[in-house]
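Shown next, in structure tokens, is the structure this report addresses.
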Amino acid sequence: MLVTQSLYFAYSSDTEFHFPDISLQEGDNLLVLGQSGVGKTTLLHLIAGLLQPKSGNIELRGTVIHELSSGKLDRFRGRNIGLVFQRPHFVQALSLRENLSLVQYLAGKPHDKMRINEVLKSLGIEGKGENKPYSLSQGEQQRAAIALAVINSPQLILADEPTSSLDDTNCTKVTTLLKEQAAETGAQLVIITHDQRLKDQFENTLSL
Amino acid sequence: MNIFQLSYRNMISRPLSTTLSLVLLILGVGMIALLLQMNRHVQEQMTNNIRGIDMVVGAKGSPLQLILSAVFHIDVPTGNISLHDAEQLRQNGLVDFGIPLSYGDSYEGYRILGTSHQYTELYSAEVASGRLWEEHFEVTLGAVAAVSLNLKVGDTFAGAHGLVAGGEIHEDQSYHVVGILNHTNSVVDQLILTATESVWEVHHHEEEEEAAAEETEGESGELHSEAHQEEHHDANDEEREITAMLINFRSPIGMVQIPRMVNEDTNMQAAVPVYEISRLFSLMGVGIDTLNTIALVIMAVSGFSVFISLFSALKDRRYEMALMRTYGANRWQLVWLVLQEGLLLTLLGFLFGIVFSRLGLWLVSGLMESSYHYEFSGWTLLAEEAWLLISALAIGFLASILPAIYIFRINISKTLANA
């Protein structure tokens, strides 16, 4: 479960953010809605441990994230959190399959070919494993990015504007895929977006 | 997929800049290694060939020429000296032994040297097959000469006048091969050894013929022929000539006294191999230093090229690095990723450079052997080349340290947000 308490972050005295508390039970999904500049990405980065909060508390499955040392935090993030970004990014020099294998390696997990096949298949891109990710179509790239996020069966999937550049059909597809993947591994899903189309697809929403 | 594999994949994903860096490294490392090897081979050959020779006496002229001709057998002799004078010097109490050398002929570019058996002892050459020369016109071949000339014990051949191939051939006077020496890695390998008397006899005979020919030519040849005939009639030991004599002293005092004495009191010239060789090296040194500097500059440029290549790639891959951090890579793994790429590049450059230098050495060796009958052997790694490896890796390390620091300090959140 994910719990945040009185999170506060400031880039400078002008741009500071106080975030509402979040408490998610296992299997819960959350949609965080807000316009640009309200600190959506900041909140996501705080939860992922990419930013240190000025004050407040973040706890994932009993681990207080911001208290971990840099190296341990990297390892914890690799094993427990999967991130999906607005625009998909990959390691250019590697094929999609190799990208997935690298992500397994970075999290300290053994190379698991079965898992890679399984993930590629469940996302409908099993034929694209040997391609360089940047040669895929946009929709395929977004799915490949989801594959990277879920390959290590994380406990928390964080998605930052995963649908903003997609048309309606693909938008629904991607959110469905994210929900499916989260359900499959028993992960909690947090999507942060300004995309109002997603509103109806989630029970829990939080407006910033 | 691990960090090392990723370093490698990153390297080959930029073939053009990687090739540029590699080519520069190969040039730099290859040139330095080639110079080191050639320097070692030349020095080794030279010191190997002058051991036991404290002084060389020959006709007046350039001392370096005397050494090059009488010790290394690569230059033309300065002239002849009287055997009588040389023998007198040999009787000097400070002289341990003196070995006479007489030139005159060659066979297909290999020099026929008239000398005493002591010459083979000087280079500790052993007879591999057959025996040493005894009678006139018997020859014993050096190991390399035997192979190149394709001669074996029992064969005969006719020498050509002069020291380069293509001289007039003494068809009526043929040499008889009686033995072949073992491989000594010294000048003996490249020589055809015979008795001093053989050389005298060939040219004696030749003079007679020449004299006869000139007589028929009429007035112009008259004077010459007379002179020749005179020489001829009085030919005795006192008038005998040799080309040079190799001298070994009993004590270091000889080294101090004799060369000066010879140069001041006789019409012969004394040259000390050790001095002349160090003079030669200091002359060559300027050229070698220049080439070395050029090679070092190329290596520095290659380091710069590795740096540019890594750094510009990193600018493009900033997001990739941040991405890897979010997937669990720690700072040190990414630093190692970049360092490894730089080191891998320079290591490859070093290895190819060494191969390149050996290829160059092989070519130079072939060239040297055909024109000077010198061969390079022993393809060992030098201690200096270990230093070259360390410098190459240091260049790789220095070139990747800035990109690595950049990676270490990358702000993941900011990089991701700005993407």
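A short reminder: the numbers here are calculations on the coordinates, not readings from a lab. For clarity, every value in this text was computed on a predicted model and none was experimentally measured. Here the Cβ positions follow ideal geometry from the backbone for every residue, glycine too, while neighbour counts run over all protein chains shown.
Report the calculated FRET efficiency for B:Glu126 and B:Leu398 (r = Cβ-Cβ distance, R0 = 60 Å), to the nearest 0.05.
0.70
Please compare each pair in B:Lys315/B:Lys414; A:Lys109/B:Lys414; A:Lys128/B:Lys315 to a cut-off of 18 Å on the Cα-Cα distance and tell me which ones are over it.
Those over the limit are A:Lys109/B:Lys414; A:Lys128/B:Lys315.
Work out the mean other chain Cβ neighbour count within 10 Å for the residues of B:408-417 and drop it here as an integer.
Taking the mean over all residues of the peptide, I get 4.
Tell me, what is the FRET efficiency for A:Glu203 and B:Thr380 to the nearest 0.05, using R0 = 45 angstrom and their Cβ-Cβ distance as r?
Given R0 = 45 Å and the Cβ-Cβ separation, E is 0.05.
For the protein assembly as shown, give the share of DSSP beta bridges that are antiparallel, in percent and rounded to the nearest 5; count only bridges with both residues there.
Taking every DSSP beta bridge within the protein assembly as shown, about 65 percent pair in antiparallel fashion.
Taking the Cα centre of each part, how many Å lie between the stretch A:99-154 and the stretch A:25-53?
24
Once you put a point 7 Å from the Cα of B:Asn263 and another 7 Å from the Cα of B:Arg40, both along the Cβ direction, what distance in nm separates them?
For the pair B:Asn263/B:Arg40, the computed spacing is 3.5 nm.
Could you work out how much longer the chain between B:Thr47 and B:Glu171 gets when fully extended? Use 0.36 nm per residue separation minus the Cα distance between them, nm to one decimal.
Additional length available on full extension: 40.9 nm.
Under a Cβ-Cβ cut-off of 14 Å, what is the net charge of the residues other than A:Leu43 that fall near it, where Lys and Arg count +1 and Asp and Glu count -1?
Neighbour charge sum, excluding A:Leu43 itself: -2.
Where in chain A are the DSSP H helices whose alpha-carbon span along the long axis reaches 24 Å or more and whose Kyte-Doolittle mean is at least -1.0?
For chain A, where a helix must reach 24 Å along its axis and average at least -1.0, the hits are A:168-185.
Please give the contour-minus-distance gain from B:Ile12 to B:Ile405: 0.36 nm per residue of separation, less the Cα-Cα distance, rounded to one decimal in nm.
139.2 nm is the gain from fully extending B:Ile12 to B:Ile405.
Which percentage, to the nearest 5, of the DSSP beta bridges contained in chain B is antiparallel?
Antiparallel bridges: around 80 percent, rounded to the nearest 5.
All other residues with a Cβ under 13 Å from the Cβ of B:Leu246 taken together, and with Lys, Arg as +1 and Asp, Glu as -1, what is their net charge?
-1
Assuming R0 = 60 Å, what is the FRET efficiency of B:Leu20 and B:Leu283, from their Cβ-Cβ distance, to the nearest 0.05?
Plugging the Cβ-Cβ distance into 1/(1 + (r/R0)^6) gives 0.95.
In nm, to one decimal, how far is the A:Val64 label point from the B:Val274 one, both placed 7 Å along Cα→Cβ?
8.0
Hydropathy first: keep DSSP H helices in chain B averaging at least -1.0 on Kyte-Doolittle, then drop any whose Cα extent along the axis falls short of 15 Å, and list what survives.
B:15-50, B:252-265, B:273-326, B:331-372, B:383-408
Tally Lys and Arg at +1 and Asp and Glu at -1 over the other residues with C-beta under 13 Å from the C-beta of B:Ser129: what net charge comes out?
Net local charge, B:Ser129 excluded: 0.
How large is the Rg to Rh ratio of chain B when both quantities use alpha carbon positions and Rh follows Kirkwood?
Result for chain B is an Rg/Rh of 1.22.
In the P(r) worked out for the protein assembly as shown, what percent of Cα pairs fall beyond 33 Å?
That tail contains 63 percent of the Cα-Cα pairs.
Label B:Ala158 and A:Glu26 with points 7 Å out from Cα along Cα→Cβ: what is the distance between them in nm?
10.7
What does the structure give for A:40-47 when I average, per residue, the other chain Cβ atoms found within 10 Å of the residue Cβ?
2
For chain A, restrict the atom set to alpha-carbon positions and state the Rg and Dmax in Å.
16.6, 50
Determine the shielding of peptide A:73-79 by partner chains: average, over its residues, the number of Cβ atoms on other chains within 10 angstrom of each Cβ.
For this peptide, the per-residue mean of nearby foreign Cβ atoms is 5.
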